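The values are calculated or read from the model by the stated rules, or taken from the named source; none is laboratory data. These numbers were taken from a predicted model, which means no experiment stands behind them. We place every Cβ from the backbone using ideal geometry, glycine too, and count neighbours over all the protein chains shown.
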Ligand code: NAD
């Protein structure tokens, strides 16, 4: 099929690359010319394992093309995906500016009937708004093309986005038009070849499913963080408790890891947007508000432990920050706990020596540009030289088994604050380290 994907971010670029890998002709459209120029040179503007190969291979074959001209893409496509950002607006709602800008432009340039598929995470009712906007533009120029707007929320995870897209748990199609549903099933068929994974529903339910899904996952994290904080106070070990409850098939093991809070471009904004949607419909969402509150407090939980250990005044202390991205496998730092922790420690007088396997460029460019209190190091060992303690915030694999003897030789204090429970308490004790994990007391 010939398709257009609007937006070449984490979702759009993966979507375009994966569809082209299955033999479709894909036009990727973006307004960011810098990004497009990079892509045309084979440079991927974001870190996502496996994506570079896909993009390069399909670009070379001309199955994947990049342009800033929507008209060029849409001219030959009968399906057009919207995958632009829906950031948090000032009042907590999803800002639909980019989505509606795109809808306006589609209405201005489309020259035949079109299926518009919304992949951006948007509140219930957005498909109606997109359709209305396109229709208004068509009317202005006296054009009468048929347009169907479908909701097809995306569930890929940064860090494993290509694999998630290639082997989705499910493909949700929100539409009441059987013809359109069949076309999309055909497009997605290669991804679900061994196992029927389509879930067809009405548009509103599809739009809502994405929010409910992220809200559920965020709730599990905040719930486990709360359990961890209680464990710590009563002398229980959250790691044992996690195994104990995860073995119940009604609960399951996944997404039960306590830590220093969730971040990223989705959970924080989507939980907030759902709270706002509920509010707009006269419903006060008690659970979601607490999920958010627990998370905001949890991001500062390590700082609380650091203050308890070193006092309120951290002047003269340097901390080794291990990890900056909001999770491993990505360079994305949006809403990352690392940013909150570093800013708070700096406020208390500390200096930071940071290292992350992928997110250093993003950190330097967008978060700590010319910040004299943050020094970026070439590797994890450099960060610990003369440090008062290590703070582990992102559980990258390369932090899993460092050489604690080498570290012990150069660090000022043998202390680790572990925001992701990566180490064995007893082992660290045997190496002479003080260890502060989440939900399992300290040594
Ligand atoms: P992103 O910020 O990485 O990318 C968005 C892209 O859209 C940017 O390249 C931007 O330049 C482009 N854009 C903005 N306005 C445009 C316009 N008028 N025309 C063409 N391009 C335009 O965003 P993302 O992380 O890919 O997220 C996109 C959507 O998918 C959001 O709604 C998000 O909530 C949702 N989502 C994200 C993830 C994720 O893991 N990142 C997962 C599932 C769903």
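Across segment 88-100, what is the number of residues that are in contact (Cβ under 8 Å) with a residue 40 or more places away in the chain and assigned to a helix (DSSP H, G or I)? I'd like the intermediate steps shown before the answer.
To start, the set of residues in segment 88-100 that are in contact (Cβ under 8 Å) with a residue 40 or more places away in the chain comprises 88, 91-94, 98.
Then keep just the ones that are assigned to a helix (DSSP H, G or I); that gives 98.
The number of residues fulfilling the criteria is 1.
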Query raised in the report: What are the residues in segment 416-436 that are out of contact with any helix residue (DSSP H, G or I) (no Cβ under 7 Å at 6 or more places or on another chain) and either in contact (Cβ under 8 Å) with a residue 60 or more places away in the chain or not in a helix (DSSP H, G or I) (or both), if any?
Result: 418, 420, 423, 424, 434
Requested in this report: Considering (1) touching a helix residue (DSSP H, G or I) at 6+ places or on another chain (Cβ under 8 Å); (2) buried (at least 18 other Cβ atoms within 10 Å of the Cβ), say which one residue 201 fails and leave the rest.
Outcome: (2)
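Each row is one residue, and each column tells you yes or no for (1) free of Cβ contacts under 8 Å to residues at least 40 places away in the same chain; (2) touching a strand residue (DSSP E or B) at 6+ places or on another chain (Cβ under 7 Å).
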residue: 375; (1), (2): yes, yes
residue: 391; (1), (2): no, yes
residue: 408; (1), (2): yes, no
residue: 413; (1), (2): yes, yes
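Sort out which residues of segment 1-34 are within 28 Å of residue 363 (Cβ to Cβ) and more than 19 Å from the chain's Cα centre (by Cα), and write them in order of number.
Of all residues in segment 1-34, those within 28 Å of residue 363 (Cβ to Cβ) come to 7-17, 28, 30-34.
Residues satisfying the conditions are 28, 30, 31, 32, 33, 34.
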Requested in this report: Just name the residue that is farthest from residue 15 (Cα to Cα) out of those in segment 42-67 that are touching a strand residue (DSSP E or B) at 6+ places or on another chain (Cβ under 7 Å) and within 12 Å of the ligand (Cβ to nearest atom).
Outcome: 67
Query raised in the report: Quick check, is residue 425 assigned by TED's automatic domain parsing to the domain that holds residue 327 and at pLDDT below 95?
Result: yes
Requested in this report: Can you confirm whether segment 165-181 contains a residue that is more than 18 Å from the chain's Cα centre (by Cα), crowded, with 21+ Cβ neighbours inside 10 Å, assigned to a helix (DSSP H, G or I) and away from the ligand (no atom under 13 Å from the Cβ)?
Outcome: no
Requested in this report: Only residues that are assigned to a loop (DSSP other than H, G, I, E, B) and loosely packed, with under 13 Cβ neighbours inside 10 Å: list them for segment 348-385, please.
Outcome: 369, 370, 372, 378, 379
Report summary line: Apart from one, (1) buried (at least 16 other Cβ atoms within 10 Å of the Cβ); (2) touching a residue at least 40 places away in the same chain (Cβ under 8 Å); (3) more than 21 Å from residue 16 (Cβ to Cβ) all hold for residue 133; the odd one out is (2)
Query - Listing of helices (runs of 4 or more DSSP H) fully contained in segment 226-337 that carry 1 or more residues being within 17 Å of the chain's Cα centre (by Cα) and at pLDDT 95 or above - result: 267-280, 286-298
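From 142, 85, grab the single residue that is within 24 Å of residue 19 (Cβ to Cβ) and outside any helix (DSSP H, G or I).
Values: 142 fails: within 24 Å of residue 19 (Cβ to Cβ).
Only one candidate passes the filter, namely 85.
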